[in-house]
Structures are given as C-alpha cells and as structure tokens.
1. For the range 123-154, what are the residues that are near ligand 1 (Cβ under 10 Å from one of its atoms), under 14 Å from residue 101 (Cβ atoms) and not in a loop (DSSP other than H, G, I, E, B)?
2. May I ask you to list pairs of residues, at least six apart or on different chains, whose Cβ atoms are under 6 Å apart, with the first in the range 186-207 being without any contact (Cβ under 8 Å) to a residue 60 or more places away in the chain and the second being surrounded by 11 or more Cβ atoms within 10 Å (Cβ to Cβ) and part of a helix (DSSP H, G or I)?
3. Restricting the search to the range 298-312, which residues are out of contact with any Phe, Trp or Tyr (no Cβ under 8 Å at 6 or more places or on another chain) and either small (Gly, Ala, Ser) or more than 19 Å from residue 453 (Cα to Cα) (or both)?
4. Scan the range 62-92 for residues that are at pLDDT below 95 and surrounded by 19 or more Cβ atoms within 10 Å (Cβ to Cβ) and report the count.
5. How many residues does the range 38-95 contain that are farther than 21 Å from residue 176 by Cα and within 16 Å of ligand 1 (Cβ to nearest atom)?
6. Only one of (1) farther than 28 Å from residue 226 by Cβ; (2) in contact with a helix residue (DSSP H, G or I) (Cβ under 6 Å, 6 or more places away or on another chain); (3) part of a loop (DSSP other than H, G, I, E, B) fails for residue 112. Which number is that?
7. Counting only residues that are within 16 Å of ligand 2 (Cβ to nearest atom) and touching a residue at least 40 places away in the same chain (Cβ under 8 Å), give me the helices (runs of 4 or more DSSP H) lying completely in the range 303-418 with at least 1 of them.
8. Counting only residues that are in the same structural domain as residue 104 (by TED's automatic domain parsing), of a type in the set (Lys, Arg) and within 30 Å of the chain's Cα centre (by Cα), give me the helices (runs of 4 or more DSSP H) lying completely in the range 172-258 with at least 1 of them.
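The values are calculated or read from the model by the stated rules, or taken from the named source; none is laboratory data. Computed from a predicted model, the values in this text were never measured in an experiment. With ideal geometry, Cβ positions are generated from the backbone for all residues, glycine too; neighbour counts draw on all protein chains shown.
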Amino acid sequence: MTVTIERNGDIAIVTIDNPPVNALSQAVRQDLWNAAETLDADPSVRAVVLICDGRTFIAGADVNEFGKPPMPPHLPDLVARIETAAKPWVAAIHGSALGGGFEVALGCRFRIAVPSASVGLPEVRLGIVPGAGGTVRLPRLIGPALATEMVTTGTPVAAQKARSQGLIDAVVEGDLEKGAIDFARSAIDQSLPLPLRQRGVPAVDATFWETTSKAVATRARREDAPLRALACVRKAAEADFETAMAFERQTFLELRGSPQAAALRHVFFTERAAPRPPELAGVEPRKIRSAAVIGGGTMGAGIAAALRDAGLPVTLVERDEAAVERGLSNLRSIFEGSLKRGKISPDVAAERLAGVTGTTDYSQLSATDLVIEAVFEDLDVKREVFSRLSTVCRADAVLATNTSYLNPEQIAAGIRHPERFLGLHFFSPAHVMKLLEIVPTAHTAPATLATGFALARMLNKIPVRAGICDGFIGNRILKVTRAQAERLLLAGATPQAVDAAMRSFGLPMGPFEAQDLGGLDIAAFQRKAARARGETPFAPIAERLCALERFGQKSGGGWYDYAKGDRTPRHSDIVADIIAGEARETPQREWDEASIIDCIVLPMVNEATKILNEKVALRAEDIDLVEIHGYGFPRWRGGLMHYAEGRGLAEIAARLDEFAANGLAEPPCNHFENIGREREIPLEKGSN
Ligand code: T1G
Ligand code: NAD
C-alpha cells in the first residue's frame, strides 16, 4: 500500500508513502481514489488531511510512466474526485509540491505548508504543459498574470511568497501534521471557499495576452512548451472550465510525444544520474568539512564563494598581503552581487564572508580536508604550489587543480601521496556555472575521485568525469567550434550570419559574440602555448585581430566594433578587410542558416566521438551535460550527442564527408557510428 488512512477524531489523515519523491504512479492514484471513496462514505469524517512521508510532498507525475500507455485512474479525474469530495481536503506540504503534485494540492480545498516548502508547475522544463488542470485552476486561484509566470517559466515558489500570492492558505511552523489537523478543524467550522472549478478567472487588460506572448516567445527562443502553456492559461481565461480542461489535456498529449519533450526527459534523467556514476558505486568518498582555495582571482574567488554557499569554512591563500586583500574583495563583490539580486539577505552575505580566512601562510592548511588550486595557468607556478601543499597538508587531504589546459599529471609530478590528487575544472563564474569536469590522473585513488563527485553534490553542480587531453571534454570541443566558425568566414560567411545561425539553433550567443564577451586574449595565450608544444592551432583571423589588440568588448572591438558603453555588436570594416585578405585563396560560396549550423555542429559531434573513442568521456550523456551546462547548448535539444542521434549518425557522416571534400571540415573519425551510448530512453527523431 502506498497510501494509508488514519484518524484523529473527525479528521482523517491520508498519508502517501512512495519513495523517493512520492511520484503519482498508477498505484498511488488508485489508492488515493479509493481513499476518497472510503472517506466520502464515512459520516464520522468531517475533513481530510493529505500529507506525505519521506523527503517531500508529491513531486509530480511519475516520469517513468511517460513512455507507457496511460492507466486509469487518470490524474485529471483523480484531482476532480478530490475537488468534488463530500469533505474538504487540506494538502499539507513539505519539500516540494510539483507538477501533478501541486495539481492534486489545487484539487484540495486548502493548502498549507512548512516554511521550507515550495510549490510549482515545472512541466515546461520537461517540454510539456501541466496535464491535470494546473493551467485551468491556477488562474482561478491567483489570476492570469501570476499563473502565466509560473507555468511558462516552471520556477517553483517558496512558501512565504506562495502565501503572499495566495497559492497557499497558511505557512505552519512546527509539526506539519498537527498544524494541518488544527487548520482543518478550524476550517470546517467556517464557511468553505468554493472549489476552484466553480470560481471565475479575474479579468486582465486588453493588451495582456499580446504583450505576454511576445515576452514568452523571446525568452523561450525555439522551445515550444512555454508558449503552449500560455495558450492554455489564455483558454482558461476565455472559455469555460471543461473546455479549458480539454484544451490543456490535448496540448499535454501532443507535447508529451514531441522530440523536445523526449530531449528534456533525457536531460532530466541524465542530470540525476550524473552525481552517482556506476563505476564509483560502493566507493566511500572522503569527508569534506573544510576547504581551502589557492589563488583569489576570477576563478579562485568564484570557487571560494561556491564552497561558502555550501556551508564550508574556507581558507583563501594568496601570494602576498595585497593579493589576499584583492582576493577577499573579489569575494565580497560576489556576495554583494547575490545580495543585490535578492538571492541572499544581508545577514547571510555577512556570514558567508565571515567564513573566509585570507592568508599567505600555507601552514594554516595542515588540517584542511580539501584544497583547490586556482593560481596562474603556469606549470612552474602550479608545481611550486603543490610541492608546498604536499608537505603541509594531511596525507588524506584531497588536493585539486583547476587548470584548464595544463596536464594534471605534470602538475602533480613528484608530490607526496599522488593518490589524493585530481583535477576539478570549474567554469567561470564558478559560483554560478553548474558544470564541474572531474579529471583523475593515473594515480588518483577511487576514494579521491568519489570525493570529487561528492563535492559536486554538496555544491549543487553537475559533475562529469573527463580524461586528460588538451582542453578535457568541453574546451576541446570548443576549439573545434571556433575553428569551424573561422573556416566559414574564409569560405564566404560573415560573423553576423554565423552568430545569427547559431542563435537560431538555440545557443544564447553565437561563437564570435561569445569570444568578444569573454576576450580573445585567453585563447591567444593558449594557442601560443600549443605552438610551443609543436602544435599548429587554426585561428588565422583571430590571430590577426589579437595582433591589432582587438581583444573584444573590453578593448572596444574584437570580431565586432562597439560604441563606448554599448555592448551591441556592430559590423567592423577592419574585420571585413582582414577576412577578405585571409580568404583570398578559398573558394567563396553562399551560406544558408542550416548549412552554417551543420558546418559548426557536425564537426563538434565528430570531435565528441573521438573523445568517446579515446575514453576521455565515458558516456555520450556526459558530453550532453558538458555542452548544456558549460556552453549553453540548448537543453531542449537534449545535448550534442542526443541531437546527433536524432539527426542520424549516417546522415551526419555523409555531411562531414561533403564538408571534408571541400576542405571545410575533417572527415568523420573511425568508428563514427559507434558512440557507445547506454541509454534507457527510447530514441525519437530530433528536429532541426
Ligand atoms: N518521477 C519519477 N522519479 C522522479 C521524479 C518524478 N517526477 N522526480 C524525481 N524522481 C527521482 C529521481 O530520478 C531520483 O531518482 C530521485 O527521484 C530523487 O530525485 C500531469 C505532467 C522532487 C525537487 O518535474 O524536481 O507532474 O536517481 O535526485 O534533489 O502535470 O527530483 O534516486 O533513482 O532530484 O531531493 C513534474 C522533478 C512531473 C519534478 C527532489 N515534476 N523532480 O530533488 O532529489 S510532470 C517534476 C525534482 C507532471 C502533470 C505532469 C526533484 C525534487 P534516483 P533528486 P532531490
Ligand atoms: P587570475 O589571474 O584571475 O587569478 C590567479 C590568482 O592566483 C591571482 O589572484 C594571483 O595573485 C594568484 N596566485 C598566483 N600565484 C600564486 C601563488 N603562488 N600562490 C597563491 N596565489 C597565487 O586567473 P583565473 O582566471 O582565476 O585562473 C586561475 C586558474 O583557473 C588557471 O589555471 C585557469 O586556467 C583556470 N581556469 C580559468 C577559467 C576562466 O574562465 N578564467 C576557467 C576555468 C579554469
């Protein structure tokens, strides 16, 4: 039994126990239905409290049932059954009431929650719309404007705010079950509010739908679900309850089988699997109770902030007192930024900063559990840091480097206890970006590696294991993206056309805009290092721009020109001349959007395939996560390899051959069609 019924006088308590998150499996739906029948038939019951065991209230429909034929009782019918029950139901919420879980709560006459709870309709994040009346009941409860915000973004609302918006009726401190029973008992002595189905939708002004539709379309880019969710809320406002319910159900069923929903489901499960890779099953991570960061620059400060956000005390080590002050001031700016954006309160900001000790003295690290190095990208400097750490720190302290391009094996060469060393490659800004590449060396112990994954869980990051090569997984693919973008320029495309095509594909920014924002100098520095190693990196135009000190927005121009104080990219005659000069030998051709996209994205797939063949990445899913969380690859495309499988690997290989014949890309690598995916989700064709 997933549902039990207990009694407290004239109040019945219905408890769901379906770990891990009380999802609404068929069994739960059936048991709840039976409970409603039983309690309606019992004259001694005057009200019903619906509460959940375990970590959370109902987290939604059971996503595992999405690929299967729907089984009765269907969720919309169950919600209606509860809503029309003879006794009022009170939803008592802890954890999250999400999706179908919140829809069940909307079917209840009252909702109360503990202060740490949140409620929401996150269906758009799975490429669908609510399927059990969420878009129809919500505008009746809080009006179309707030309802639209909730269903088109999918962002959950925390209890206090939910109370002030009218989403819930009360926030209860202390024991939830007792609070719910008391609430129910006092509610039945007063006149009951109408069930939501009997209420009207408050009016909005004439321009609301048009304005909102434009805003949602801009935010969603090419994602379908948010606009479809808006259409459902609008239907709820303009049609009667039953018509709106049918419209929502129809939209839900259409979207559920769509390629976007399949891609988003794939990402959902992949993200949840990432922190616990099967190869580390049973390996006990080391305990992390304190941390240190060496270097308080851009990355060091960001990493320190992430560690503080997770509640760890942090020691920040810099090379001299002035640098310590700069590092602490970098951290202060990060916390002030979070404060300004309303993410933390002034008290929390002060507490976060107070938990950081700045020092130049390595001996303060003798008891620290984890040390992350983020000093200059220079092998000698890093080796010097680790030789000091390896004598000062405990033999079982985990030592990590945040290097982007250096070889962690060389950084760690000669340190004592090399089994405690690994690479932890954070992305900038480190307190915001979700991706963490975890890079073991040949000596890294399984427990050290497991500690990297455990740390990712503590920091709420998405960990991906990467093998050692130039750029690990993400930056190695990025090099191909950038080289292809330049090849396109040489073959007749403009930076504007390339950037527009990649935005239309779903990236937040095109490759040239992105370089102008981040600065062209970092990549130039890396190319210089690569040339010193005897390699021949391909960036003929970027090299020319750097020679002119056109480093991007920060120097007033890069791939584009910028007016003072304005970040709008503008055409640059200088860049056009450089491109024309470099392109003299290359045949020019017309480029449409789809060909530009193929000429960039398909070589990325080819590189990713090499990465898999070399076991630099262990799973195609890992590449999906790296691209989504490190580089803004559209989530609704499921990541680079999910997209590739949707397109068809044979078709991609043929396209790569065509590009290669024209000198526009490398031919497909060996074993191109063997990308070794371990997938559970059925494949559906991706759309371009
Ligand atoms: N169905 C099945 N399994 C689920 C699940 C779900 N809805 N949600 C989570 N899990 C599994 C997850 O895979 C993991 O499994 C374990 O629970 C713990 O999750 C009709 C259409 C609730 C905030 O989108 O946001 O309702 O790896 O690691 O950090 O309109 O899970 O342990 O085997 O994430 O404590 C809408 C998604 C569905 C909620 C808990 N609901 N879940 O976070 O744990 S659509 C959602 C979450 C819908 C109706 C429709 C989070 C969480 P395993 P976790 P957590
Ligand atoms: P940065 O120049 O902003 O900061 C480096 C800091 O290290 C400076 O504050 C410097 O004073 C300090 N430092 C130098 N030598 C030191 C020593 N011996 N002891 C203590 N502190 C010392 O550089 P950054 O951008 O923060 O990069 C740091 C590392 O992170 C590099 O290895 C870089 O490749 C890597 N990384 C950078 C990014 C990025 O986007 N900037 C992303 C991922 C990884």
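1. Across the range 123-154, the qualifying residues are 123, 126, 134.
2. 199/140
3. 298, 300, 301, 304, 310, 311
4. The qualifying residues number 1.
5. 22
6. (3)
7. Working: elements: 321-340, 346-354, 379-392, 408-412.
Result: 321-340, 379-392, 408-412.
8. Values: elements: 176-188, 208-220, 225-238, 241-256.
By residue number, 208-220, 225-238, 241-256.
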